[in-house]
Amino acid sequence: MRVWRAVLVASIMWVAGSGTGFSAEFRQVDLPHGGGHGILLSGVIAAGDEATFHAMATTLRQAVVITTGPGGSVGPALAIGTETRARGWSTLVPEGASCASACAMVWLAGETRMLATGARIGLHALSMIRDGRRTETHDGDAHLRRWLTGLGYPLDVTATIVNTQAAFIRWYDAVELRANGIPTGPYP
């Protein structure tokens with residue numbers, strides 16, 4: 001029983017990206033058909049990933065940030081998203097991939113947001129791990145709503161993003177995102 005509990009706690013901490021030593025993978029890629037450069041961000045976003053992203057971003061004049069992953073730590077995700085928007089870069093979830101939670105915050109920051117065929121975005125309220133349990137953080141939601149408003153999202157859209165309980169993920173495809181006021185384009 002103790003081993004099972006340890007595995008469960010380790011799994012929760014891994015998914016939450018709560019400083020367990022896991023971090024996202026960053027890789028520079030060339031987009032097909034002469035489409036320029038991309039920065040592929042995949043995996044769980046963790047503390048320090050914003051510095052890794054920044055180091056890679058400074059080597060490129062223009063790029064598409066390609067996001068896939070289950071989420072992670074929202075602080076580094078917002079920093080990556082802020083830099084992505086400041087550079088005027090687009091974001092993309094590739095064909096058939098998912099981008100949820102903190103990953104979705106990076107995607108939402110794109111000057112233009114693209115979803116390839118079969119891609120989806122997962123959104124929910126923010127949460128923290130306290131005493132081994134996931135709890136919602138309404139202060140975090142207020143901060144997230146201010147950040148999203150700063151990106152130009154209207155208040156009703158920010159409410160849509162944080163309305164799903166933290167313990168769940170609400171999945172959206174491109175049609176549902178547009179219906180909820182989040183402009184989304186296809187990947188060429």
- Message: Skipping prolines and chain starts, which residues have an amide H placed within reach, meaning under 5 Å, of the one on V64, given they are 5 or more residues away or on another chain?
- Response: H37, G38, I39
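Tell me what the chain gives for mean residue ellipticity at 222 nm when only DSSP H runs of n ≥ 4 count, each as -39,500 (n - 2.57), the sum divided by the residue total, rounded to 500 deg cm²/dmol. If you can, show how the numbers build up before the last one.
Details: 7 runs with 71 residues, N = 188.
Calculated at 222 nm, the ellipticity per residue is -11000 deg cm²/dmol.
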- Query: Considering the chain as a Gaussian network with a 10 Å cut-off on Cα pairs, which listed residue, E95, E111, E83, attains the greatest mean-square fluctuation?
  - Reply: E95
- Per-residue HN-Hα couplings for the stretch 167-181 [Karplus 6.51, -1.76, 1.60; θ = phi - 60°; Hz; x = Gly/Pro]: 6, 10, 10, 9, 8, 10, 9, 4, 5, 5, 4, 4, 5, 9, x
- Note on the structure: Residues whose modelled amide H sits under 5 Å from the amide H of G69, counting only those 5 or more places away in sequence or on another chain, are G43, S98, C99, A100
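Over the stretch 16-186, what is the mean sequence separation of C-alpha contacts under 8 Å (at least six apart), divided by residue count, expressed as relative contact order in percent? Before the final figure, lay out each step's value.
Numbers: 370 pairs, mean separation 29.0, N = 171.
That works out to 17 percent.
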- Message: Within the chain, which whole H helices from DSSP have a Cα span along their axis of at least 15 Å and a mean Kyte-Doolittle hydropathy of 1.0 or more, if any?
- Response: 2-16
- Message: Springs between alpha-carbon pairs under 10 angstrom, Gaussian network model over the chain: which of P70, P94, P154 fluctuates most?
- Response: P154
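If you place +1 on the Cβ of every Lys and Arg and -1 on the Cβ of every Asp and Glu, how big does the dipole about the Cα centre of the chain come out, in debye to the nearest 20? Mind showing how you got there, number by number?
Details: 15 positive and 14 negative charges, 55 e Å.
That gives the chain a dipole magnitude of about 260 debye.
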- Item | Max mean-square fluctuation residue, GNM over the chain, Cα-Cα springs under 10 Å, options H54, H124, H33 | H33
- Task: At q = 0.10, 0.14, 0.16, 0.18 Å⁻¹, what is the base-10 log of I(q)/I(0) for the chain according to the Debye formula with one equal point scatterer per Cα and no solvent? Please give it to two decimals.
- Result: -0.37, -0.73, -0.95, -1.20
- Item | Antiparallel DSSP beta bridges within the chain, as percent of all bridges there, nearest 5 | 40 percent
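Each reported figure results from applying straightforward, stated rules to the coordinates on display, with no laboratory input. Everything numeric in this text was worked out from a predicted model, so none of it was measured. For neighbour counting, all protein chains shown are included, and Cβ atoms are generated from backbone atoms with ideal geometry for every residue, glycine included.
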